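Asks: Pasting a structure here, questions to come.
The values are calculated or read from the model by the stated rules, or taken from the named source; none is laboratory data. Bear in mind the structure is a predicted one, so any value in this text is a computation, not a measurement. Cβ placement follows ideal geometry from the backbone for every residue including glycine, while neighbour counts extend to all protein chains displayed.
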Amino acid sequence: MGRLIGIDFGTTNCSMAYLDQGKPKVILDKDRYKLVPSVVYYYKKNEEVRLMVGRAARSKFVENPFCTIHSIKRFIGKSFEMEEVQQAQERYFYIIEKDEKAVSHQQNIMIKIHEYDLAITPVEIATYVFKYLKQVAESFLSEPVDEVVITMPTTFQTRYAAAIRQVAENVGFNVVGMLTETKATAFAFGYANREDQTIAGDHTIAVYDLGGGTFDFSIFRRVPGGYEEIATLGESWLGGDDFDYTIMNYLIREFKNSTRNKRFADGKVYKDGITITNKDILRAIRTEAEKAKMALSETETTLIHVSKVIPEIDPAVDLNLKLSRDVLEYVVSDLIEKTLTIALDALENGHTLNPKLKLDALLLVGGQSRMPRIKQRLRDTFGDLIFDQILPEEAVAMGAAIYGNVLKVVQKRKTQESPA
Ligand SMILES: Nc1ncnc2c1ncn2[C@@H]1O[C@H](COP(=O)(O)OP(=O)(O)OP(=O)(O)O)[C@@H](O)[C@H]1O
Ligand SMILES: [Mg+2]
């Protein structure tokens, strides 16, 4: 029998972990990266449609966005009619359509790649990602991996769980358990805290998870053998993707302002400025927006450059902008405040159940939570509770591996106790 791993299938990235003599460790790919981008790229070679997955696929986004399928998690278990899916049509570069022949209206989304006459379901795309994850894990561990614990967001749990279980089974995994990403984080905390008991005795913790696509805030109480959820609230359309989109729109607005009342190579004066609409250019701006956002988590200012942004009007014009951390924080402040409102609502729900509820630690997961302004606003709102001994990108997968081990121990005990 093979090994058990924990899988955190994310909107942007996946991570995997296993237990090495009781210690949770992250699985690395052949280039020693901890994260596998949740991206599938379709291409043609010798008249045959082929695909690549992960880091290699992500690098194709700028070159060929219509064939680079990312953020697929947002569509798992969802129906075409849902408002958020409609929003995605505007925001993503690949084509999302309704599958008229779908058996269930709860899963009727199709991704179309017209270039290759392909229509693929989100479950099929996720299956390719899982197949790749299996290969990465087995090559890293040098043994078969057949049992998995998979994490999921707190919203749409039932539909999501059924679909993602199907995905895992499609590649030959036996799903021994599923738990929410926030609960997995609580298990990772339990392990990290066990070493030095930073938080001693009974405790209540909150998990703020802001990834690429989803925001979740959950509160847990320590109970024998694990954590019990007291309150949870989430938003399945609030994550780093939305930060990037907002920054991209800001850059477009700034560019438009800078072109007002100016004459360009086509001889015209643009009284209201020029709106960039070319999809290839928008894509490049979006990629730069994300890069700038990440850079500004480390530095105070960064330069954004995208060349030839209005080729039809004036091929000599580039987008050049200096973006400061202050401006970035201002531009995305509504998104940050929205997460805080959800967090406070969850806390209020917890207080309704238990008026004495008091948080002992706040755990931050999801890459977007690395933004300094978010940490600051969380400190302003909840006090100095951030527990920084878990890493935002790996805690969920580690927690899933730990939880899997707990399930196995319980199962073993039951088998031993039950009379023959
Ligand atoms: N240093 C950073 N500063 C700001 N944002 C960051 C940083 N590093 C990563 N991000 C953002 O974090 C997001 C990805 O986070 P993560 O990999 O945790 O998401 P995910 O687990 O794939 O998504 P989800 O949990 O929502 O399904 C991206 O939007 C990325 O731009
Ligand atoms: Mg995540």
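Conditions (1) in contact (Cβ under 8 Å) with a residue 12 or more places away in the chain; (2) within 15 Å of PHE217 (Cα to Cα); (3) among the acidic types (Asp, Glu), marked per residue:
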{"site": "ILE310", "(1), (2), (3)": "yes, no, no"}
{"site": "ILE313", "(1), (2), (3)": "yes, no, no"}
{"site": "LEU319", "(1), (2), (3)": "yes, no, no"}
{"site": "LEU323", "(1), (2), (3)": "yes, no, no"}
{"site": "THR339", "(1), (2), (3)": "yes, yes, no"}
{"site": "ALA346", "(1), (2), (3)": "yes, yes, no"}
{"site": "GLY350", "(1), (2), (3)": "yes, yes, no"}
{"site": "LYS356", "(1), (2), (3)": "no, no, no"}
{"site": "ALA361", "(1), (2), (3)": "yes, yes, no"}
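Asks: Output the residues belonging to region 1-27 that are in a loop (DSSP other than H, G, I, E, B) and closer than 26 Å to ASP216 by Cα.
Replies: Of region 1-27, the ones in a loop (DSSP other than H, G, I, E, B) are 1-2, 10-12, 21-22, 27.
The answer is GLY10, THR11, THR12, ILE27.
Asks: Going through region 176-198 one residue at a time, which ones are part of a strand (DSSP E or B) and within 16 Å of ligand 2 (Cβ to nearest atom)?
Replies: Initial filter on region 176-198 (part of a strand (DSSP E or B)): 176-180.
Correct list: MET178, LEU179, THR180.
Asks: Only one of these is modelled with pLDDT of 90 or more, of a type in the set (Val, Ile, Thr) and surrounded by fewer than 24 Cβ atoms within 10 Å (Cβ to Cβ): VAL40, VAL26, VAL36. Name it. Give the steps one after another, and end with the answer.
Replies: Working: VAL40 fails: surrounded by fewer than 24 Cβ atoms within 10 Å (Cβ to Cβ); VAL36 fails: surrounded by fewer than 24 Cβ atoms within 10 Å (Cβ to Cβ).
Checking each option against the conditions leaves just VAL26.
Asks: For region 362-392, give me each residue that is assigned to a strand (DSSP E or B) and either out of contact with any helix residue (DSSP H, G or I) (no Cβ under 7 Å at 6 or more places or on another chain) or within 15 Å of ligand 2 (Cβ to nearest atom) (or both). Steps first, please.
Replies: Of the residues in region 362-392, the ones assigned to a strand (DSSP E or B) are 362-365, 386.
Within region 362-392, LEU363, LEU364, VAL365 qualify.
Asks: All but one of (1) more than 19 Å from the chain's Cα centre (by Cα); (2) farther than 30 Å from ILE281 by Cβ hold for PHE80; state the number of the condition that does not hold.
Replies: Of the numbered conditions (1) more than 19 Å from the chain's Cα centre (by Cα); (2) farther than 30 Å from ILE281 by Cβ, the odd one out for PHE80 is (2).
Asks: Looking for something free of Cβ contacts under 8 Å to residues at least 24 places away in the same chain and over 22 Å from the mean Cα position of the chain (by Cα) - is there at least one such residue anywhere in region 201-214?
Replies: Of all residues in region 201-214, those free of Cβ contacts under 8 Å to residues at least 24 places away in the same chain come to 201-202.
Pick out the ones that are also over 22 Å from the mean Cα position of the chain (by Cα) and you get 201-202.
Yes - at least one qualifying residue is present in region 201-214.
Asks: So which of TYR18, TYR116 ends up being of a type in the set (Ser, Thr, Tyr) and over 22 Å from the mean Cα position of the chain (by Cα)? Break it down into steps so the answer makes sense when it comes.
Replies: Details: TYR18 fails: over 22 Å from the mean Cα position of the chain (by Cα).
The match here is TYR116.
Asks: Just to be sure I understand, how many residues within region 325-359 are outside any helix (DSSP H, G or I) and either closer than 24 Å to THR214 by Cα or within 21 Å of the chain's Cα centre (by Cα) (or both)? Write out each step before concluding.
Replies: At the first step, the residues of region 325-359 found to be outside any helix (DSSP H, G or I) are 332, 354-359.
After this cut, where a residue has to be either closer than 24 Å to THR214 by Cα or within 21 Å of the chain's Cα centre (by Cα) (or both) as well, the list is 332, 359.
Qualifying residue count for the region: 2.
Asks: Just checking: which of the strands (runs of 3 or more DSSP E) contained wholly in region 209-324 hold 2 or more residues that are surrounded by 13 or more Cβ atoms within 10 Å (Cβ to Cβ), touching a strand residue (DSSP E or B) at 6+ places or on another chain (Cβ under 8 Å) and not β-branched (Val, Ile, Thr)? Spell out how you get there, then give the answer.
Replies: Values: elements: 215-223, 226-235, 301-306, 319-324.
Correct list: 215-223, 226-235, 319-324.
Asks: Which residues, counting only those in region 215-230, are over 23 Å from the mean Cα position of the chain (by Cα) and either within 14 Å of ligand 1 (Cβ to nearest atom) or of a type in the set (Gly, Ala, Ser) (or both)?
Replies: Scanning region 215-230 gives GLY225, GLY226.
Asks: Looking at GLU181 and the list (1) more than 30 Å from GLU290 (Cβ to Cβ); (2) under 23 Å from the mean Cα position of the chain (by Cα), which single condition is not satisfied?
Replies: Every condition holds for GLU181 apart from (1).
Asks: Would it be correct to say that GLY201 is farther than 22 Å from VAL410 by Cβ, in a loop (DSSP other than H, G, I, E, B) and either within 16 Å of ligand 2 (Cβ to nearest atom) or assigned by TED's automatic domain parsing to the domain that holds LEU19 (or both)? Outline the logic, then answer.
Replies: Working: farther than 22 Å from VAL410 by Cβ: yes; in a loop (DSSP other than H, G, I, E, B): yes; either within 16 Å of ligand 2 (Cβ to nearest atom) or assigned by TED's automatic domain parsing to the domain that holds LEU19 (or both): no.
Against the criterion (farther than 22 Å from VAL410 by Cβ, in a loop (DSSP other than H, G, I, E, B) and either within 16 Å of ligand 2 (Cβ to nearest atom) or assigned by TED's automatic domain parsing to the domain that holds LEU19 (or both)), GLY201 does not qualify.
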